[in-house]
Each structure stands twice: as structure tokens, then as C-alpha cells.
Amino acid sequence: MTSAFKSKLLYLGLPIALALGLFMPDWAIFLGIISLAKGLVVLGLMLLWRTGLVSFGQGLFYGAGAYTVGILPQYVPISDAFLLVLISAAGAGLIAFGLGFLLRRYREIFFAMLCMAFSMIFYGILVKSESLGSTDGFNVVQTSYLGYTPAEPIEMQRILYATTALVAWLACLFVNRYLGSTMGRLTRAIKDNELRVEYLGFSAKVAVHFKFVVAAVLAGAGGALAAIAIGHVDPEMVWWIQSGEFVFVTILSGVGNVIAPLVGSVVFEILRTFAIEYAPQAWQFVVGGCLLAVIMFLPGGLWSLIERSREGRDDGNSAR
Amino acid sequence: MTAILRAESLYKSFGAVNAADNINVSIDEGEVIGVIGANGAGKTTFVNMVTGYLAPTSGKLYFYDRDITGFNPKSATEIGICRSFQIPQLFSTGTTFENLMVAMGVAEEGAMPFWKPLDTEERMARCEEILSRYEILEYRDQIAQTLPQGVRKLLDIAMASVHNPKMLMLDEPTSGVTAAEKFSIMDIVVTALRQQDVTILFVEHDMEIVSRYATRVLAFYDGRIIADAKPEDALADEQVRQFVIGETAHAIAAG
């Protein structure tokens with residue numbers, strides 16, 4: 001896939017596709033918001049994945065973002081969605097910055113399990129905190145958008161979709177820019193040969209720490225947007241199964257392009273929605289079967305389908 | 001001459017084994033040091049300590065009179081001590097060009113390394129120039145793990161050289177390559193590094209290479225330096241002939 005085509009996709013294709021989402025039927029708007037919000041988390045996981053790291057604890061940052069949106073307006077007169085998302089993302093990043101000093105020393109399964117351990121500690125705290133609604137959670141107050149408070153629920157959903165789409169697009173632009181930078185190019189380098197990275201004069205630990213914080217910021221933003229959309233937060237958002245779902249979607253998506261996590265997330269939400277609709281007793285079987293099929297037949301994820309078709313077309317053109 | 005590197009009473013032990021046993025040596029700017037010794041003599045341990053991979057058990061290391069004892073690889077690289085490896089350390093899934101570009105990007109990284117693009121036209125042109133200087137431009141787009149051993153060695157050294165090192169330590173730069181390639185690799189490397197005014201220290205088993213390229217030889221045996229002299233004198237040394245080159249006592253007596 002040429003870089004010109006990738007640029008076209010990112011700067012033209014993606015914003016158009018996201019904008020077209022505004023014309024979705026009412027029932028699909030909520031699905032779109034949740035897909036993109038979770039896609040943000042997966043985008044962060046993609047960064048770690050490329051470095052050879054898997055986090056089974058992104059639910060921690062997703063939940064931290066969500067709970068920030070829930071808690072903050074109770075104490076501070078802030079209801080603007082943009083500001084809340086910004087603060088939630090920064091808060092999640094701050095947590096990751098602190099945890100990163102420990103986690104950056106670990107790799108492979110130890111990194112994955114430590115991430116999960118921290119997310120489960122947070123889960124435990126939430127479950128035991130009656131002031132935070134314990135296992136039931138609590139409702140999130142209605143947000144405004146740059147001073148405008150939508151009157152109708154569906155209007156609110158469409159504005160929130162536009163907000164989520166904008167955040168997702170900006171996040172893709174940032175991550176794409178980052179991946180093209182020296183530090184971004186160290187993602188694969190660290191996976192390949194950490195010793196060489198150190199002997200080039202760059203700390204692999206610092207690079208991992210930075211990626212971990214970026215992934216957390218994205219997860220925090222995703223959690224905040226999801227909380228606004230759902231209007232409720234509960235400890236399930238931090239639960240390890242939620243973190244596992246993010247890893248699932250990363251495998252489904254593939255890590256070949258910054259757009260892949262959004263595509264994968266949308267596909268996953270559609271798959272799950274229809275599986276629950278048509279096979280309410282066996283929807284996990286359907287979703288699990290799909291993951292199995294992807295691992296066996298598309299180890300590069302759904303994105304590899306696009307890459308293959310593109311390469312096929314390029315080969316065809318050169319043959320002509 | 002200014003001393004670029006000084007080791008004082010350097011010891012390194014692994015349990016009961018002394019890999020470095022009271023090493024005292026001073027290396028001047030511009031020298032080309034050949035380090036010889038049998039396997040396990042302590043050559044690579046010495047390189048590992050200077051480049052921060054291993055911390056000495058005791059003793060001191062000075063780089064331009066600055067105490068660098070216990071520096072880590074990143075810190076050693078930053079002050080200008082770079083290295084290549086016996087087994088080339090490359091980014092195996094990247095191309096030759098990508099490997100060198102990443103090395104250059106890190107070396108030239110200033111503020112905002114997470115934002116400035118790596119692939120600038122100017123850097124890409126310089127990258128090709130360096131590949132050309134090391135005579136591996138034809139392998140530009142080949143994945144590193146599929147490169148021939150000689151090319152891997154050259155790329156490893158080229159990556160180490162882009163940080164503008166003051167001292168470059170080459171760990172067996174010609175090991176694993178054919179006899180025919182050895183001299184051409186050393187010619188390319190020494191010529192390229194001389195252009196950068198780099199002090200070179202190379203670990204080598206081939207005495208012909210040592211005689212031809214080194215201006216001074218350090219011979220290691222059992223963690224100690226048993227000879228420190230010009231190549232012709234060091235290679236004629238009785239202990240070196242016995243413990244490093246492996247000549248029999250009879251052959252040494254016969255001259």
C-alpha cells in the first residue's frame with residue numbers, strides 16, 4: 001500500500017466516512033459512538049502491540065476516563081463535553097505516567113499481567129466504594145457542547161457522535177504523525193532489538209513509557225465519550241473482560257494502519273449487536289468463532305484484507 | 001596525545017571467574033587498537049564494561065578524564081562511545097535503509113522526537129550516502145534478517161557510526177565472513193571511520209587483520225593484559241605466541 005494512498009485514506013477517506021455516519025438511522029448512532037470510543041482504546045493498544053507489548057488492563061484507563069466524567073461535574077461546575085473529555089484523557093494519562101515507571105521495566109506476559117493486576121485493583125476499589133455506587137455505578141449528568149445543550153435525546157446523540165468522530169479523527173492524525181517520527185519508528189525497533197535501541201543512545205524504557213501514556217490518554221478519552229453516551233458508569237468498564245475485549249478487537253482489526261482500530265471496532269460492535277439479536281443464547285459462540293477464524297485465516301487482522309486487495313490492484317496495474 | 005580512555009585497576013568477576021583482572025590501560029585519541037586473545041580471555045568483557053553493558057566489580061573507567069564507571073549503554077553512547085557487535089544487532093524486520101534511518105533519527109534527535117518526521121528528504125539523502133560509503137547501497141531495500149553476514153556487519157558498524165562517536169569499539173568485525181571479504185570489510189570500515197576522526201578499538205582473532213590495521217595491540221589472557229605494544233612487537237611476544245596465537249613451546253624456542 002503506497003503512502004499516497006494511506007494519506008488519502010487518512011485525510012480524505014476517514015473524515016468523509018465519519019461524516020457520513022451522521023446520516024445513520026437513529027438506532028445506529030449510539031452504536032457508532034460506542035464503536036469509535038472503543039476504537040480510541042484500540043488505537044492506543046495498537047501502539048503497544050507494535051512495540052511487542054499487550055496490555056490486558058486498558059479497562060483501567062477506559063474506566064478512569066468514564067468515572068472522571070461521572071465524578072467531576074458533581075464537584076466542579078463543568079458540563080462541557082470537550083473539556084470533560086480533555087480532563088478525563090489527561091487524568092488517565094497521569095495515572096499511566098505514574099504506573100509507567102514500574103511497567104516499563106517489564107515485557108511480554110509480565111507486562112500484560114501487571115496491567116491487568118492494576119486494572120483489577122481499581123475494579124476492587126470501585127466495587128467497595130459505596131459513594132461511587134459500588135457495583136451499580138451511578139448516572140452521568142447531561143453534558144453541553146461549547147455552551148449548547150441539546151434539548152432532544154437524539155439531537156444530543158448526533159452531536160455526541162460528531163464530537164466522538166472528531167476526537168477519533170484527530171487521534172488518528174496524531175498517532176499517524178507519531179508513528180512517522182523517530183520515536184514512533186522505534187516501536188518496531190524495540191520489538192525487534194531493544195539492545196540496539198539502547199546502543200543507539202535512546203532509552204527503550206522511556207519510549208515504552210511514552211507509548212503507555214499515549215495509549216492511556218486515548219483510552220481515557222474513549223471511556224469519557226462512552227460514559228457520556230451511555231449516561232452511566234459502573235465497575236464493569238474496568239473489569240478484565242472489558243480489557244480482554246479491547247485486545248480481541250486489536251487482533252480483529254490488525255495493526256497495519258491507524259484507521260484499522262476504528263474499522264475493527266465498528267465491525268466488532270456490529271457483529272456483537274447482530275449476534276445478540278439473532279442468537280441471544282449463543283452470541284459468545286458466534287463472536288468467539290469469528291475471532292478464531294480471523295486468527296486462522298487473517299493473522300494480520302481485517303486491515304490485511306484491505307492491504308491485500310490494494311496490493312492486488314497495484315500488481316494488476318503494473319502488469320497492464 | 002590526549003588520553004581518550006583510561007582504565008584503572010579494573011576488575012570483573014563472575015562468581016569464581018575473573019573476566020577482568022586488574023586491567024590498567026590508557027588509549028590515546030586517533031589510535032587504532034587491536035584487541036587479541038583466546039576465547040574467554042576477557043576481550044569482550046572489557047568492551048562490555050567500557051560501553052556500559054557490564055558494570056565493573058571494582059576499578060575506574062575514564063573517558064577524557066570523566067569518570068564513566070557504571071554508565072549504562074545509553075549514557076555511554078551519548079558521550080561518544082559507540083559499538084558494534086560480534087553478532088550484528090539489527091532491527092531484523094526492517095530494511096537496510098530503515099535500520100540506518102532509525103539510527104540517524106535517534107542520533108540527530110533534538111526536541112520533540114515524537115513529532116518531527118523521521119523521513120526528511122535531506123536525511124534520506126544522507127542515509128543513502130552513508131550506505132554508499134559502506135558499499136551496501138545495493139541492499140537498500142532488503143530486509144535485514146535476509147542480508148549476507150558481511151553486509152550485516154557493515155550495517156551494524158554504519159549504525160554505530162552515525163552518532164558521531166569519538167570512540168568506536170568493534171567486536172570481531174570480520175567474524176563469520178569469508179576470508180576474501182575480511183580485508184575489504186576492514187578497508188571500508190577503517191576508511192569510513194578515519195574520515196570521522198574516530199578512535200577505533202577492534203577485537204579480532206585474525207592476526208593478519210591485526211597486523212595490517214592496528215597501530216597498537218592489547219593482548220588479553222585470563223582477564224589480564226599480557227602485552228601492550230605495536231603489532232610487530234606484540235605478535236612476537238613469547239606469551240602472546242603461546243597463549244594467544246597458540247604456538248607450542250617447541251615452535252617458540254625454534255623462533
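Here are a few things to note about the model shown:
- Residues located in region B:130-152, provided they are closer than 24 Å to B:GLU78 by Cβ and out of contact with any Leu (no Cβ under 8 Å at 6 or more places or on another chain): B:ARG133
- Options A:ALA66, A:ALA117: the member that is crowded, with 22+ Cβ neighbours inside 10 Å and on the phi < 0 side of the Ramachandran plot: A:ALA66
- Residue within region B:129-150 that is at the interface with chain A (Cβ under 9 Å from one of its Cβ atoms), closer than 29 Å to A:ASN176 by Cβ and assigned to a loop (DSSP other than H, G, I, E, B) present: no
One line per residue, one yes/no per condition, for (1) surrounded by fewer than 23 Cβ atoms within 10 Å (Cβ to Cβ); (2) within 21 Å of B:ALA20 (Cα to Cα); (3) over 15 Å from the mean Cα position of the chain (by Cα); (4) not aliphatic (A, V, I, L, M):
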{"site": "B:SER161", "(1), (2), (3), (4)": "no, no, no, yes"}
{"site": "B:TYR221", "(1), (2), (3), (4)": "yes, yes, yes, yes"}
{"site": "B:ASP228", "(1), (2), (3), (4)": "yes, yes, yes, yes"}
{"site": "B:GLU232", "(1), (2), (3), (4)": "yes, no, yes, yes"}
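- Subset tally (residues that are within 8 Å of chain A (Cβ to nearest Cβ), crowded, with 24+ Cβ neighbours inside 10 Å and among the hydroxyl-bearing types (Ser, Thr, Tyr)) for region B:78-102: 0
- Taken across region B:240-247, residues that are in contact (Cβ under 8 Å) with a residue 12 or more places away in the chain, assigned to a helix (DSSP H, G or I), under 15 Å from the mean Cα position of the chain (by Cα) and surrounded by 15 or more Cβ atoms within 10 Å (Cβ to Cβ) do not occur at all.
- Residue within region A:203-214 that is within 13 Å of chain B (Cβ to nearest Cβ) and not in a helix (DSSP H, G or I) present: yes
- Restricting region A:180-191 to residues that are farther than 15 Å from B:GLU109 by Cα and buried (at least 21 other Cβ atoms within 10 Å of the Cβ), the residue that is nearest to the other protein chains (Cβ to nearest Cβ): A:ALA189
- Region A:144-197 - residue that is among the hydrophobic types (A, V, I, L, M, F, W, C) and part of a loop (DSSP other than H, G, I, E, B) and, of those, farthest from A:ALA219 (Cα to Cα): A:ALA151
- A count restricted to region B:188-221 and to residues that are in a loop (DSSP other than H, G, I, E, B) and within 14 Å of B:PRO173 (Cα to Cα) stands at 4.
- Single residue of A:PHE101, A:PHE97 found to be part of a helix (DSSP H, G or I), out of contact with any helix residue (DSSP H, G or I) (no Cβ under 6 Å at 6 or more places or on another chain), farther than 25 Å from A:SER134 by Cβ and in contact (Cβ under 8 Å) with a residue 12 or more places away in the chain: A:PHE101
- Considering (1) modelled with pLDDT of 90 or more; (2) facing chain A (nearest Cβ under 8 Å); (3) within 21 Å of the chain's Cα centre (by Cα), the lone condition that B:GLY105 does not fulfil carries the number (3).
- Test: A:PHE248 is under 14 Å from the mean Cα position of the chain (by Cα) and buried (at least 23 other Cβ atoms within 10 Å of the Cβ): no
The values are calculated or read from the model by the stated rules, or taken from the named source; none is laboratory data. Source: prediction; values computed, not measured. Because the Cβ atoms are built from the backbone with ideal geometry, glycine has one as well, and the counts that use them run over all protein chains shown.
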